Each structure stands twice: as structure tokens, then as C-alpha cells.
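Visitor: Take a look at the following structure, please.
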Amino acid sequence: MAGDGDEPTLDARTKEMIEGFLGVPLDKNHEFWNPPPLTPEQEAALEDAKRRAEACVGLDGFAETLLHKDSHVKFVKKSSEDKDAIEYVLTDHLRLSGMYWGLTSLDLLGKLDVVDADEIIEFVQKCWVPEVGGYAPCVYHDAHVLYTLSAVQILALFDRMDLVDADAIAKFLKSLQREEDGAVMGDEWGEVSLF
């Protein structure tokens, strides 16, 4: 389970691939992973950027007037409640990702509290496929890399990472990695994801 303190071990090929992608060694003592503290000028620039970002998207005008925040919240909430709508029924195969997009928009608007967190978490856990260690887009579907990511992101939004079986997910991802080129398939059927 996540949080047990054990670090994952990587085979030499996987470690080499990750290091090649990052361009730095996976050594905790390497300077990349231990950057120096910010200078006073960098701290000031960071605070200025934060202040400007808050002025643009804060509740002091932009989000309320230009984005019509309440309308967005109502739309997302209605989209998740109208389970008889044709759009809802036809997007069964996208459910977890759609939930993630909607929940993230609510979170960015500061309105994640308008949804029933327990109901959402219960649904996410129903999409867990323990036989393979991944999440399906909806109940009774096959586990897939994309929806496993969406499930973990949803659980993170609600601070429920304790429900994530990191070891099982790591094994699931490893089982989908092709030996010949390192590409990761989306599911057991062989589609290669572009990420």
C-alpha cells in the first residue's frame, strides 16, 4: 500500500530509461534533487508572480464576472446528476476521466464541496480491478492506464491516497510496458498510449 515507506525498486533498463528521459541520475544526493535555496531576488519574483496570479483568477473579479463561476458549477453538478441523459449513458467508457475533469474544475473554482465526496470515492473504488491492479473507466470495464491515472487523481483531490494500492498499480504499469521499445500499452489489449 502507499505510504508504507518502501521505495520502489527499478530494474536497470527502467532506471536507465527514466534517467535518460529526465537527463539526470536517480540519485537522491544529486544536485538536481537538492536545489540551492532561492535567493532574495528569486523569492521576491515568486511572491510577485503569486500576487499577480491571485489578482487574475482570484475571487476578486475575474472568476466571478468573466467565467460565470456559478453557471460552471451548476453545469458540472447537473452533468453528473442527470444519469438518464443520453450524454451520460453514452460516455460510460470515459466515466472516471470525465469525473476527474469535472471535479478538477470544481476544485479550481473553490467549489469541490458541492459534490458528495463519499459517493464519488465509493464509485472510484468500484472501478478498481484487483486482479490486474488498475482502475477501469467504469464498473464492468477493463482496467486501463488512463483511467488508473484519473482514479488516483480523484482520490488525491479528496485527500484519500490511503486507498491507493501503489504497489499493485506499479505492477500493473510494469506489466503493460513492452520489452522491445519500452512503450506502455494502455491496457492488456495492446493499444500503445502516447504519454
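Visitor: What relative contact order, as a whole-number percentage, does the chain give when Cα pairs under 8 Å and 6 or more residues apart are counted?
Guide: Relative contact order for the chain comes out at 18 percent.
Visitor: Here is a further query. Charges at C-beta only: +1 for Lys and Arg, -1 for Asp and Glu. How large is the resulting dipole of segment 85-195 about its Cα centre, in Debye rounded to 20?
Guide: Its charge dipole is roughly 140 debye.
Visitor: Could I ask something else about it? Simple spin-label model, 7 Å along Cα-to-Cβ: residue 29 to residue 15 in nm?
Guide: 1.4 nm
Visitor: How big is D, in µm² s⁻¹, for segment 85-195 by Stokes-Einstein at 20 °C and 1.002 mPa s if Rh is the Kirkwood radius over C-alpha pairs?
Guide: Value of D from the Cα-based Kirkwood radius: 147 µm²/s.
Visitor: Long-range amide H contacts for residue 134: which residues qualify at under 5 Å (H placed 1.01 Å from N, peptide plane, sequence gap of 5 or more or a different chain)?
Guide: 129
Visitor: Need the full-extension length gain, residue 70 to residue 163, defined as separation in residues times 0.36 nm minus the C-alpha distance. One decimal, nm.
Guide: 30.3 nm
Visitor: Also, quick follow-up: Sequence-distant or interchain residues sharing an amide H contact under 5 Å with residue 177, placed H: which?
Guide: 185
Visitor: Okay, helix-only estimate at 222 nm for the chain: each DSSP H run of n ≥ 4 adds -39500 (n - 2.57), divide by all residues, round to 500 deg cm²/dmol; what do you get?
Guide: After summing the helix terms and dividing by the residues of the chain, the value is -15000 deg cm²/dmol.
Visitor: Would you kindly state the longest site-free stretch of the chain, with sites defined as trypsin sites (Lys or Arg not before Pro) in a DSSP loop (not H, G, I, E, B) surrounded by at most 11 other Cβ atoms within 10 Å?
Guide: It works out to 84-177.
Visitor: Could you size up the charge dipole of the chain around its Cα centre, putting +1 on the beta carbon of Lys and Arg and -1 on that of Asp and Glu, and report it in debye to the nearest 20?
Guide: In total the dipole reaches around 460 debye.
Visitor: Which of the following values of Cα Rg over 2.2 N^0.38 Å was calculated from the structure shown: [x] 1.62; [y] 1.51; [z] 1.25?
Guide: [z]
Visitor: In sequence order, what are the phi-derived ³J(HN,Hα) couplings for segment 136-143 according to the Karplus relation 6.51 cos²θ - 1.76 cosθ + 1.60 with θ = phi - 60°, rounded to whole Hz, with x for glycine and proline?
Guide: Couplings: 8, x, 7, 4, 6, 10, 7, 5 Hz.
Visitor: Would you list which lysines come within 26 Å of residue 69, measuring only between C-alpha atoms, while excluding same-chain residues fewer than 8 positions from it?
Guide: Within reach: 50, 77, 78, 83, 111.
Visitor: Give me the lysines in straight-line cross-link reach of residue 28: C-alpha distance below 21 Å, same-chain residues under 8 apart excluded.
Guide: List returned: 15.
Every read-out reported here was derived from the displayed coordinates using simple, explicitly stated rules and does not represent laboratory data. Remember, it's a predicted structure, so these values are computed and weren't measured experimentally. Here the Cβ is made from the backbone with ideal geometry for all residues, glycine too, and neighbour counts use every protein chain on show.
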